[in-house]
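Chemist: The structure's right below; bear with me while I get my questions together.
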Amino acid sequence: MLQIDCPWCGPRAESEFSCGGEGGIVRPPNSESLTDAEWGDYVFMRKNPKGVHHEQWRHASGCGRWFNVLRDTVSYRIHATWRIGEAMPDAEGQAAASRSNA
Amino acid sequence: MPEVLQRKAEPAIRRPVASAAPVTRSLLAGWREGLCIVNLRGNAEDTAFRQAVESVLDAPLPVKPCTTGEGSAVRVLWAGPDDWFIVGPKGQADALATRLRKALAGQHHAVTDVSSGYTVLHLSGTPARDVLAQGCPLDLHPRAFARGACAGSHFFKAGVWLWQTDDAPEYELLVRRSFAGYVWLMLERATAECGLVTRRFA
């Protein structure tokens, strides 16, 4: 079982968390002027990298907060966790995840 | 793989010392029905909010994650950065919620009486940690979890909030009422080796 470092509660077992897929997706402010393709891209299209992935997780049976996770989809290693609204911390794999978000 | 599961017996089995004081080998468990359980939401960084709450509860409002505040009558559990459970004596929920709403009038807050939605399970006795460990992934070693700490976790598949009331050890679990039957069933199974003694609370 993975041990995930909740930014509020500290290290806890994976069974207390739920994964919410790709993180850091910003809702477009001008949704009324978007084309169907652009809106569909925001709603449906997700990255599926082999390597470091920026994800959002929720501490479901603990504090109930959503937070960001930098997880390697190959090794399952979690490089960093940080709160929503904070900047991505300096961590191994950060550059790869930032590049994949660009 | 059976070869992994097979374990050799300890070379020297320690016999129980005859002169040792008698200890409860069974787990003591019982529901503390009807306690006052109030959910409080608000901004922990707002000094006015904290002061208003603390003046009503006569207990510190825990702002540090996974800690509790103990007052003369109530216990306040941290349940999130803007979320608390207040556990108090039987029949006090209405009065407490009214006093909190009055003190917090005009401020951004939410006070909800959730006494009917939750119930509290009392666990004590020597095997309490071992029994909990079967269904709960928390580190309950006294070094990591002692009186004054609380944690949201799960007991088998049921979400619980857990805190320690005594170092004996003695635990209390905040359980959703609809999960009470399930939690008790799993407790009976988890105590198959040590035995379960039901404790009744007035």
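Chemist: Which ³J(HN,Hα) values in Hz, rounded to whole numbers, follow from the phi angles of the stretch B:89-102 under the Karplus curve 6.51 cos²θ - 1.76 cosθ + 1.60, where θ = phi - 60° and Gly and Pro get x?
Modeler: My calculation for the stretch B:89-102 gives x, 3, x, 9, 4, 4, 5, 5, 5, 5, 5, 5, 4, 5 Hz in order.
Chemist: Stretch A:A37-A:A95 to full length: gain in nm at 0.36 nm per residue minus the Cα-Cα span?
Modeler: Length gained between A:A37 and A:A95: 18.1 nm.
Chemist: Around A:S31, what is the net charge, scoring Lys/Arg as +1 and Asp/Glu as -1 over all other residues with Cβ under 14 Å from its Cβ?
Modeler: -3
Chemist: Residues in the stretch B:183-202, backbone N under 14 Å from the label point at B:E33 (7 Å along the Cα-to-beta-carbon vector): list them, ranges by number please.
Modeler: From the stretch B:183-202, the list is B:199-202.
Chemist: Once all Cα-Cα distances of the stretch B:48-98 are split into 5 Å bins that start at 0, what whole-number percent is in each one?
Modeler: It works out to 5, 21, 32, 28, 12, 2, in whole percents.
Chemist: While we're on this one: Applying the Karplus parametrisation 6.51 cos²θ - 1.76 cosθ + 1.60 with θ = phi - 60° to the phi angles of the stretch B:186-193, what ³J(HN,Hα) value in whole Hz is obtained for each residue in order, glycine and proline being reported as x?
Modeler: Once θ is set to phi - 60°, the couplings for the stretch B:186-193 become 5, 5, 4, 5, 6, 9, 4, 7 Hz.
Chemist: For A:K50, list the aspartates and glutamates whose Cα falls under 14 Å from its own Cα; do not include residues on the same chain fewer than 8 positions away.
Modeler: Counting by Cα, and skipping residues close in sequence, A:K50 has these aspartates and glutamates nearby: A:E22, A:D72.
Chemist: As an exercise, take the mean of 1/r over every pair of distinct alpha carbons in the protein assembly as shown, invert it, and state the Kirkwood radius in angstroms.
Modeler: When all Cα pairs of the protein assembly as shown are included, the Kirkwood radius is 22.3 Å.
Chemist: Ordering B:L185, B:L28 from largest to smallest accessible area (1.4 angstrom probe), what's the sequence?
Modeler: Highest to lowest solvent-accessible surface, that is B:L185, B:L28.
Chemist: Take the solvent-accessible surface of the protein heavy atoms, probe 1.4 Å, and return the percent of it on the protein assembly as shown that carbon and sulfur atoms account for.
Modeler: 51 percent
Chemist: Here's something else I'd like to know. Specify the angular offset, from 0 to 90 degrees and rounded to the nearest 10, of the alpha carbon long axis of helix B:47-57 from the longest principal axis of the alpha carbons in chain B.
Modeler: Once rounded, one gets 70 degrees.
Chemist: Over all distinct Cα pairs, what is the inverse of the mean 1/r for the stretch A:14-79, reported as the Kirkwood hydrodynamic radius in Å?
Modeler: 13.5 Å
Chemist: For the stretch A:1-93, which GluC sites (Glu not before Pro) pass both filters: DSSP loop (anything but H, G, I, E, B) and at most 11 other C-beta atoms within 10 Å?
Modeler: Those satisfying the criteria are A:E86.
Chemist: Treating only the Cβ atoms of Lys and Arg (+1) and Asp and Glu (-1) as charged, compute the dipole magnitude of the stretch A:4-78 about its Cα centre; round to the nearest 20 debye.
Modeler: The calculation lands at about 300 debye.
Chemist: Of all alpha-carbon pairs in chain B, indicate the percentage at a distance above 24 angstrom.
Modeler: 47 percent
Chemist: On to the next question. In the stretch B:138-160, which residues have a backbone nitrogen under 18 Å from the label point lying 7 Å from B:R176's Cα in the Cα-to-Cβ direction?
Modeler: B:151-160, by backbone N distance to the label point.
Chemist: Is there a quick way to get the dipole size of the protein assembly as shown? I mean about its Cα centre, with the Cβ of Lys and Arg at +1 and of Asp and Glu at -1; what is the value in debye to the nearest 20?
Modeler: 860 debye
The values are calculated or read from the model by the stated rules, or taken from the named source; none is laboratory data. Remember, it's a predicted structure, so these values are computed and weren't measured experimentally. Here the Cβ is made from the backbone with ideal geometry for all residues, glycine too, and neighbour counts use every protein chain on show. The accessibility values were calculated without ligands, DNA or RNA, using every heavy atom of the protein model including side chains. Shrake-Rupley method; radii C 1.70, N 1.55, O 1.52, S 1.80 Å.
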